[in-house]
Amino acid sequence: MDEHPSAGPAGEAARPLDRRAELSEFLRSRRARLKPEDVGMPDFGRHRRVPGLRREELAQLAGVSVAYYTRLEQGHGRNVSAEVLDAIARALRLTDAEHNHLTHLAKPKQHKKKQTSRPQQVRGSLRQLLDTLDGVPAYITGRRSDVLVWNRMAAAVFGDWSELPPQERNWARMAFLKPEYRELFVEWEQKAIDIVCLLRMDAGCHPDDPQLAALVGELSVKSEDFRRLWATHDVKEKSHGVKLLRHPLVGDLALQFESFRLAGDGELALVTYHAEPGSASAEALRLLASWGTDATRAGSPSPR
């Protein structure tokens, strides 16, 4: 098993994300996706200068004044009550993840600066747990989609991350900047969306994190796909599902994944993958396990 010493990404001194701008753009994007008929309001066929609901229509649905909602959408949310945010969330038909994101942006918790810059720690018992998951690819991620620790099977399936510099052991960097990961994930677009959604949630919780700002800035410069997906302001967290992979040694894999937030440190998540018993994918994982370090050396992607 290997671990990420949590070195910050290049450009660590980047300016934090603008929380007010994030709040404003998030509300605009959620309002833009709703039409009057979606919320039971009449549409009189007038030319609409903006996509989706107008501010006055959203304010009416939420039961607040237009001036109050306008001020909130301009990024002035520190004094807004939880009740008003709940009403706006209902009017915008936000998911639970979006509701939480709105709350974090409008009423941010005060974090000490060192909380987002100090190295992320994984306790020894969790490292031992990964090693006991024989035949099960597993790893632990932290803030900013950093891959912190992983077991031998994860290296056999996803590549030996120990060959990467610590700051590059990050799902966002790997997915958007390394072509081999586009080849590994059959549904790469969905993987990319999931990563960006998680980064957006991180940005809501830690808008003052300079390392996150540096990561977003780097990816925005280097990847058109990242810029496109980041501009959607979508947030969600997938706790389970199926990933389709195309491994160069064993071919196509259909692996079910489970993601568990760890008690005591909600910023850490344990992610495991398994195949349906008796399936071709289960046999492929068994072969990778039997090849041991040979599979890790030859496996894909080769992150060099």
What list do you get for D202, D208 if you sort them by fewest beta carbons within 10 Å?
D208, D202
Among 252-264, 216-228, what's the highest-first ranking by average C-beta atoms within 10 angstrom per residue?
216-228, 252-264
So what's the net charge close to L270: Lys and Arg +1, Asp and Glu -1, counting the other residues with Cβ under 10 Å from its Cβ?
0
For L215, L287, L53, ascending order of other Cβ atoms within 10 Å (fewest first) is L287, L53, L215
In the chain, taking the dipole from +1 charges on Lys and Arg beta carbons and -1 charges on Asp and Glu beta carbons about the Cα centre, the listed residue (A106, Q74, P210) farthest towards the positive end is Q74
Acute angle (nearest 10 degrees) that the helix 82-92 long axis makes with the longest principal axis of the chain, alpha-carbon atoms:
80 degrees
For a quick check: sort E37, E57 by the number of other beta carbons within 10 angstrom, fewest at the front.
E37, E57
Below 30 Å Cα-Cα, how many Lys pairs turn up in the range 91-249? Only count pairs eight or more apart in sequence, or on different chains, if you could.
26
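All of the numbers you see were taken from the coordinates with simple rules; none came from a lab. Computed from a prediction, not measured in an experiment: that's the story for all the values here. Reconstructed Cβ throughout: ideal geometry from the backbone, glycine too, with neighbour counts over all protein chains shown.
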